[in-house]
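Student: Sharing a structure with you now.
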Amino acid sequence: MECFGSRLALLLLLLLHAFLLLSSLPAVRSDDEADLLQGMNSFRQSANAPALTKHHKAECVADEIADKLEGKSCASNTASSVQSQLVSDYPAVLSKCKVDVNTTTDGMILPVCVPRRVPTLVLTNYTQSQNARYLNDSRFTGAGVGTEDDWTVLVLTTNTPGGSFASTAHRFYAPSLLFMLSLLFLY
């Protein structure tokens, strides 16, 4: 019985040490996409624009587009081929996310490529470039972020029927698709 008590005390002492060791380690960043959205909201706050809320359908679209960009180089000479691929894949992306193309005309898709997707450089790419005007635009109320390899894709939504990324009747309306894709920026 005394042996059991000694073992139990030793086990409790080891568990206490393990708990103290683990609780003193710095937290590991596990959600770069949430951190990016938080950084963008800080940027918007400085421009007196309301915070963007996480938008499930926009996140799906961003993830799907990021998946399509997987393995693509950041080299600028591939920009036209990347845009061409996204144009041809756009209807399939919307279908997979169950988004009606007519609800995307007021939205914005902003993919950027940063080698090794360094978080501060990705945020800077959005806030210190032509993309900043969209981040500061108070018409945009929701956002979805997708990442893959060196690519980060931000999809901005509005609270209007034309920018809600809602699921409705799945009609293919070519002018809406062309308008949305004409707003697509790669860098």
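Student: Leaving ligands, DNA and RNA out of it, report the carbon-plus-sulfur percent of the accessible area of the stretch 28-69 at a 1.4 Å probe.
Tutor: Numbers: 1100 of 2320 Å².
C and S fraction of accessible area: 47 percent.
Student: Still on this structure, please answer the following. Could you tell me which of Ala75, Val101, Leu86 has its Cα farthest along the dipole of the stretch 36-122 towards the positive end, charges placed at Cβ (Lys, Arg +1; Asp, Glu -1), taken about the Cα centre?
Tutor: Selected residue: Ala75.
Student: Could you order Lys68, Lys96, Lys57 by accessible surface area, starting with the largest, using a probe radius of 1.4 Å?
Tutor: Largest to smallest exposure gives the sequence Lys96, Lys68, Lys57.
Student: Could I have the simple spin-label model distance between Gln38 and Ser73, label points 7 Å from Cα toward Cβ, reported in nm to one decimal?
Tutor: 3.6
Student: With +1 assigned to the C-beta of every Lys and Arg and -1 to the C-beta of every Asp and Glu, and no other charges, what is the dipole magnitude of the stretch 53-164 about the Cα centre in debye, to the nearest 20?
Tutor: Numbers: 10 positive and 12 negative charges, 40 e Å.
So the magnitude is around 200 debye.
Student: Looking at the stretch 56-127, which GluC sites (Glu not before Pro) are in a loop (DSSP not H, G, I, E or B) and have at most 13 other Cβ atoms within 10 Å?
Tutor: Details: sites: Glu59, Glu64, Glu70; in loops: Glu70.
Counting only loop positions with at most 13 other Cβ atoms within 10 Å, the GluC sites (Glu not before Pro) in the stretch 56-127 are Glu70.
Student: What lysines sit close enough to Lys54 to cross-link, taking a C-alpha to C-alpha distance under 24 Å and skipping anything fewer than 8 places away on the same chain?
Tutor: Lys68, Lys96, Lys98
Student: Roll a 1.4 angstrom probe over the protein heavy atoms and tell me the percent of accessible area of the stretch 114-166 that is carbon or sulfur.
Tutor: Carbon plus sulfur share of accessible area: 52 percent.
Student: Still on this model: Taking all protein chains together and a probe of 1.4 Å, list Ser138, Ser129 from the most accessible to the least accessible.
Tutor: Solvent-accessible surface, decreasing: Ser138, Ser129.
The values are calculated or read from the model by the stated rules, or taken from the named source; none is laboratory data. Quantities reported herein were computed from a predicted structural model and do not represent experimental measurements. Reconstructed Cβ throughout: ideal geometry from the backbone, glycine too, with neighbour counts over all protein chains shown. Each accessible area value is taken on the protein alone, full model and side chains, heavy atoms only, with ligands, DNA and RNA left out. Shrake-Rupley method; radii C 1.70, N 1.55, O 1.52, S 1.80 Å.
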